[in-house]
Amino acid sequence: MSQGEAAGRGAAKPQDQGWAWMVLLAAVVLQGLTLGFPCCIGVFFTDLQHEFQASKSETSWFPSIMVAVLHGGGPLCSILVKRFGCRFAVMLGGLLSGLGMVSSSFCKSISQLYLTAGLITGLGSCFSFQAGVTVLGYYFVRWRTLANAMASTGVSLGFTLWPLLSQYLLDEMGWRNTFLIFGGILLNCCVCGAIMRPIQLASGSLPQSAKPKEEPGSRAEEVQLSNGASPHHPTLQQHTKRTKCLQMLQKYLAFDIFCQNKGYQIYTVGVTWMMMGFALPHVYLVPYAIHHGVEKRKAALLISIIGVINIFIRPLTGLLSGHRVFTGRRIYLFSLAVLLCGLSNFICVLSAEFSVLILYCIILSVAMSGVGALTFQVLMDVVEMDRFSSALGLFTILESITLLIGPPLTGLLVDITSDFHYVFYNSSFFLISAALFMGLSFCALEKKNRLREVSKAHLDNPSRYQYNETSTEPKAESQSPPAVEYITSI
């Protein structure tokens with residue numbers, strides 16, 4: 001974080017009041033513009049396929065790249081935020097997003113669309129979204145949970161409005177002019193970024209986070225210097241570079257946590273596998289409905305129905321899961337929500353009537369609300385908060401890989417079989433298997449740890465033992481956000 005923003009931890013006056021609520025409003029709009037945007041791509045699926053004479057697999061790479069970069073660019077965004085601050089990252093993201101969509105309107109091939117709308121717009125959305133959520137941690141302390149819950153409603157608003165706007169503009173102007181207008185709309189991320197001004201440090205106070213920390217590699221370097229080695233010696237320079245590289249990987253990609261923490265290992269593998277099927281309905285639901293005779297406007301309305309229900313259900317799910325009854329058990333709620341997502345797909349297989357598809361969207365949106373509200377709550381349960389930032393970096397990169405390859409592989413299967421039902425079969429397979437894997441694995445892990453604690457208690461103190469594989473509640477001292485923080489949303 002830039003010094004001005006890092007210093008915000010020591011300035012209590014602007015927090016939780018005044019301009020902080022304007023920043024929250026900007027964060028709501030920002031999440032609607034960034035995370036909500038990819039949901040409308042399915043509206044253009046058929047037109048893009050016909051325009052470029054591309055297969056379903058080739059066409060589906062476009063939204064897959066966008067979503068994968070949006071989720072997987074977290075470490076890069078965090079480096080940018082630490083160096084230049086949140087405001088700069090949000091505004092740079094807005095410029096990239098707008099540039100990507102404007103360039104997309106002039107594309108002559110589907111491969112060019114991968115670069116412009118997929119990579120450039122996806123990266124810009126990543127910068128704007130993640131930096132926008134990070135800055136909330138500095139503007140809110142007491143009301144931080146409420147602020148993040150309210151900000152997440154922007155995603156649901158985006159899910160509601162983007163498909164309707166997309167279908168209207170597509171009918172009136174065609175996809176090229178629509179993409180041009182989208183470029184202008186996404187430039188409003190820059191306006192949101194301008195609102196997110198850094199919190200200035202109160203005069204005379206020095207934040208604890210501003211104190212320089214000793215780098216782990218500095219001790220080894222001092223030893224070599226004390227033995228007479230020159231600081232410009234090639235061997236020493238190479239060792240220093242290697243040490244800094246390892247420090248960077250340790251900071252942003254928590255491989256050590258993945259190897260040592262069984263809960264984090266199970267959860268990361270389960271969510272990564274789940275993402276192979278989670279995004280499929282968003283990409284293929286509209287084309288599936290149109291293929292079975294549903295009017296285009298009605299087909300676009302299906303995604304909006306999911307968004308409207310998410311607006312109300314997601315905050316309620318977050319509040320419910322925060323109750324102390326579910327402390328340490330949120331993973332089972334999450335697995336249940338994933339299981340419901342997978343089972344709901346069979347509704348589409350039974351019938352493609354519009355009324356049946358509405359029922360499907362209602363059930364799917366309720367389940368999706370649970371997944372979206374609990375994803376990072378569960379991650380905080382299985383990883384200690386002082387390592388949450390780096391654990392989330394590895395988590396988002398792995399899930400972005402399966403988000404990237406899932407839709408194209410399913411599109412290839414549909415091209416081969418000419419049967420859209422395989423979209424929902426595939427989605428159900430990955431979601432149900434992931435839900436069972438996570439639920440059963442955590443149950444077995446909990447039993448194993450209980451037996452271990454019981455045997456230890458007999459040797460030490462029989463009256464005192466508990467399940468302690470995971471850190472189920474954030475510590476009081478972790479109220480201030482990490483210096484670098486990746487946040488994504490599902």
For this session: Look through 69, 155 and report the one residue that is open to solvent by 10 Å² or more (accessible area, probe 1.4 Å) and either touching a residue at least 24 places away in the same chain (Cβ under 8 Å) or within 19 Å of residue 282 (Cα to Cα) (or both).
Result: 69
Exercise. For the range 335-355, what are the residues that are open to solvent by less than 40 Å² (accessible area, probe 1.4 Å) and either in contact with a Ser or Thr (Cβ under 7 Å, 6 or more places away or on another chain) or of a type in the set (A, V, I, L, M) (or both)?
Worked result: 337, 338, 342, 345, 347, 349, 352
For this session: Could you tell me whether residue 34 is at pLDDT 90 or above, crowded, with 22+ Cβ neighbours inside 10 Å and within 21 Å of residue 278 (Cα to Cα)?
Result: yes
Problem set entry | Scan of the range 307-329 for residues that are more than 16 Å from residue 167 (Cα to Cα), of a type outside the set (Ser, Thr, Tyr) and open to solvent by less than 10 Å² (accessible area, probe 1.4 Å), ordered by number | 310
Exercise. In this structure, does residue 427 turn out to be touching a residue at least 24 places away in the same chain (Cβ under 8 Å), small (Gly, Ala, Ser) and closer than 19 Å to residue 68 by Cα?
Worked result: yes
Exercise. On the given criteria, is residue 455 more than 30 Å from residue 61 (Cβ to Cβ), modelled with pLDDT of 90 or more, open to solvent by 50 Å² or more (accessible area, probe 1.4 Å) and polar (S, T, N, Q)?
Worked result: no
For this session: For residues that are within 26 Å of residue 369 (Cα to Cα) and modelled with pLDDT under 90, tally how many sit in the range 168-201.
Result: 0
For this session: Working only within the range 87-96, note down all residues that are out of contact with any Phe, Trp or Tyr (no Cβ under 8 Å at 6 or more places or on another chain) and buried (at least 24 other Cβ atoms within 10 Å of the Cβ).
Result: 94
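The values are calculated or read from the model by the stated rules, or taken from the named source; none is laboratory data. Computed from a predicted structure; not experimentally measured. In this analysis, Cβ positions are derived from the backbone assuming ideal geometry, glycine residues included, and neighbour counts consider all displayed protein chains. Heads up: the accessible areas ignore ligands, DNA and RNA and are worked out on the full protein's heavy atoms, side chains in. Shrake-Rupley method; radii C 1.70, N 1.55, O 1.52, S 1.80 Å.
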